[in-house]
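The values are calculated or read from the model by the stated rules, or taken from the named source; none is laboratory data. Keep in mind that what you see is a predicted model, and the values were worked out from it rather than measured. No Cβ is skipped: glycine too gets one built from the backbone with ideal geometry, and neighbour counts run over all protein chains shown. For accessibility, only protein heavy atoms count, side chains too; no ligands or nucleic acids. Shrake-Rupley method; radii C 1.70, N 1.55, O 1.52, S 1.80 Å.
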Amino acid sequence: MQQSASLQADVVIVGAGHAGVQLVAALAKHGYAGSVLLISDEAAYPYERPPLSKGYLKGSEARDSLGFRDERYWSEGPATLLRGVQVTAIDPADRRLVLDDGRRVTYGDLVWAAGGRARTLPIPGADLDGVFYVRSLADADAILQVAAPDRRAVIIGGGYIGLEVAASLRSLGLGVVVLEAAPRLLARVTAAPVSAYFKRLHEDNGVDVRVDAVAQAIEGVEGVVSAVVLASGERIAADLVIAGIGLVPCADIMAAAGCAVDDGVLVDDAFRTSLPHVFAIGDCARWTCGHAHASDTVRIESIPNATEHATILAATLAGASAPAPAVPWFWSDQYDVKFKTVGLLSGHDRMLVRGHPDGNAFAVGYLKGERLIALDAINSTPDFAQSKALIAQGARIDPARFADPAVKLRDAVMA
Amino acid sequence: MVQINIIDSTGKSHALSGNAGQSVMELAVNHDIPGIVGECGGDLSCGTCHVYVEAPWEATTGEASSDETDMLEVVDHLRPSSRLCCQLILSDALDGLTVSTPRDDA
């Protein structure tokens, strides 16, 4: 059957990650009557990313449960899916995309949900066999091919990805070293008591955690990783190196089309870019988030953020009233620990501890003035749950009651 | 196959057919049932698959785990019949299960 040289849809979504797929779903739930085309640059049917560093990596979640929807959804459901196709150019004046197979796509509205790529290591030896990243299913499968018990993994980056991978590889029986360049883990996103908790948690599980540790080079033997060399000169033996050092948003094609970009595609609170009929959502979008306290724009890399963007944009595209944005939140699973965080802590001027950070369940609140703006919850889901509404309201918190875990969080609000 | 019904907040009843072992959430999202998002994929981390279990099915769906009960604090319009439907796993005993989704205040 001859492929059509040109396609068209009322809504064309580039990127079949969480933002793109949730947009398809949200449009359908609104009963959106227009045509929707979803373009994925991967051959696989759309899949969920969080399990790649968690259950899928440690073997507790099977490949066939990673799919975002079943295959019937893609053949019979509300959107047409193109797989394994990249967008090479956008012509915003004619409202057309060019695909890498030569086809053209005409759009009514374009939604750029292209996410990002794992930041690559800028050090010698980064191109050796045995160096991995953690962004795609292919990345996770590549790690799984070499992740055998007693092999030695060195993880560069003590953020959520690095720590989740550390936990998963420990459960597979590998020796694990985590190298964090900052003085503490999760330095950009949490306060010191939470960093200390995670360091202890990983050490209790047999991970060698090194802070103030900068990887300067990777050494290899016959083209395969053999060690990581630190700036201190120390050489750490390694059979595999996994880097979790951040995400670079996919914005080049948009920039080439004349769209305003700055560490992501710039969008307003309705997800409109600087190009007419072009929107951007998810990991790649730098947006005006009303819940940010210290900056005009933020670019948030999380599932709830992607879902929230999709929910709001779908309402707009479907002609319904868009809900007010929910407070950003995030979760991370490492070993048996439930970690959930609500709000954005940037701009806080005080930190309050609730419970005992030396124990296994506690929370840390971030206040701006008297108002709670963010909360980290370690094995304290009721605090996580109650904090969402309190943060949304800008509730003023009584520090003594907040610090006492016998007092429910919602009862720590000052009248 | 296991048949279930999901009544959405407009009162419309959606009859769905799933396999034993699937969760109600998975079945719902694969059919774009309004009110069920399942954004964490069934990890008991988001609370976006909130349903009410219609009588007399609570006897068969059983009790929520303590993890689920904790997460139910996130939802709006909590009732005694509230469940997170990623934890409701289809089986022959649940053939005919009816759940409803909360009203949408957004």
Unique residue being buried (at least 22 other Cβ atoms within 10 Å of the Cβ), more than 23 Å from A:VAL248 (Cα to Cα), of a type in the set (Ser, Thr, Tyr) and at the interface with another protein chain (Cβ under 10 Å from one of its Cβ atoms) when the list is A:THR307, A:THR311 = A:THR311
Could we say that A:ASP263 is more than 23 Å from A:ARG151 (Cα to Cα) and without any contact (Cβ under 8 Å) to a residue 12 or more places away in the chain here?
-> no
Would you confirm whether any residue within the range A:386-399 is more than 13 Å from chain B (Cβ to nearest Cβ), of a type outside the set (S, T, N, Q) and more than 22 Å from A:ALA326 (Cα to Cα)?
-> yes
The range A:36-71, residues that are away from chain B (no Cβ under 11 Å), without any contact (Cβ under 8 Å) to a residue 12 or more places away in the chain and open to solvent by less than 60 Å² (accessible area, probe 1.4 Å) | A:ALA62
If you go through the range A:241-260 one residue at a time, do you hit one that is charged (D, E, K, R) and under 26 Å from A:GLY158 (Cα atoms)?
-> no
Please find, among B:SER45, B:SER66, the residue that is of a type outside the set (A, V, I, L, M, F, W, C), closer than 22 Å to A:GLY67 by Cβ and either within 14 Å of chain A (Cβ to nearest Cβ) or crowded, with 17+ Cβ neighbours inside 10 Å (or both).
-> B:SER45
Hey, among the residues in the range A:115-132 that are open to solvent by 40 Å² or more (accessible area, probe 1.4 Å) and assigned to a strand (DSSP E or B), which one's farthest from A:GLY264 (Cα to Cα)?
-> A:ASP129
Only one residue in A:PHE384, A:PHE402 is under 23 Å from the mean Cα position of the chain (by Cα), open to solvent by less than 50 Å² (accessible area, probe 1.4 Å) and of a type in the set (Phe, Trp, Tyr). Which one?
-> A:PHE384
Would it be correct to say that A:PRO276 is modelled with pLDDT under 95 and open to solvent by 30 Å² or more (accessible area, probe 1.4 Å)?
-> no
Taking the condition in a loop (DSSP other than H, G, I, E, B), open to solvent by 30 Å² or more (accessible area, probe 1.4 Å) and touching a helix residue (DSSP H, G or I) at 6+ places or on another chain (Cβ under 7 Å), does B:ALA20 pass?
-> yes
Condition check for A:LEU7: closer than 14 Å to A:TYR73 by Cβ, part of a strand (DSSP E or B) and not charged (D, E, K, R) | no
Checked the range A:279-296 for anything surrounded by 15 or more Cβ atoms within 10 Å (Cβ to Cβ), in contact (Cβ under 8 Å) with a residue 24 or more places away in the chain and in contact with an Asp or Glu (Cβ under 8 Å, 6 or more places away or on another chain); matches are A:PHE279, A:ASP283, A:ARG286, A:CYS289
Report yes if some residue within the range B:24-35 is open to solvent by less than 60 Å² (accessible area, probe 1.4 Å), within 9 Å of chain A (Cβ to nearest Cβ) and outside any loop (DSSP other than H, G, I, E, B); otherwise report no.
-> yes
Report, by residue number, each residue of the range A:138-168 that is under 18 Å from A:ALA227 (Cα atoms), assigned to a helix (DSSP H, G or I) and open to solvent by 10 Å² or more (accessible area, probe 1.4 Å).
-> A:VAL146
Taking into account only those residues within the range A:17-35 that are more than 10 Å from chain B (Cβ to nearest Cβ) and not in a helix (DSSP H, G or I), which is surrounded by the most Cβ atoms within 10 Å (Cβ to Cβ)?
-> A:GLY17
Residues of the range B:51-106 that turn out to be among the aromatic types (Phe, Trp, Tyr) and closer than 28 Å to A:ALA320 by Cα, as a count | 1
Residues in the range A:82-114 that are open to solvent by less than 50 Å² (accessible area, probe 1.4 Å) and under 23 Å from the mean Cα position of the chain (by Cα): how many?
-> 8
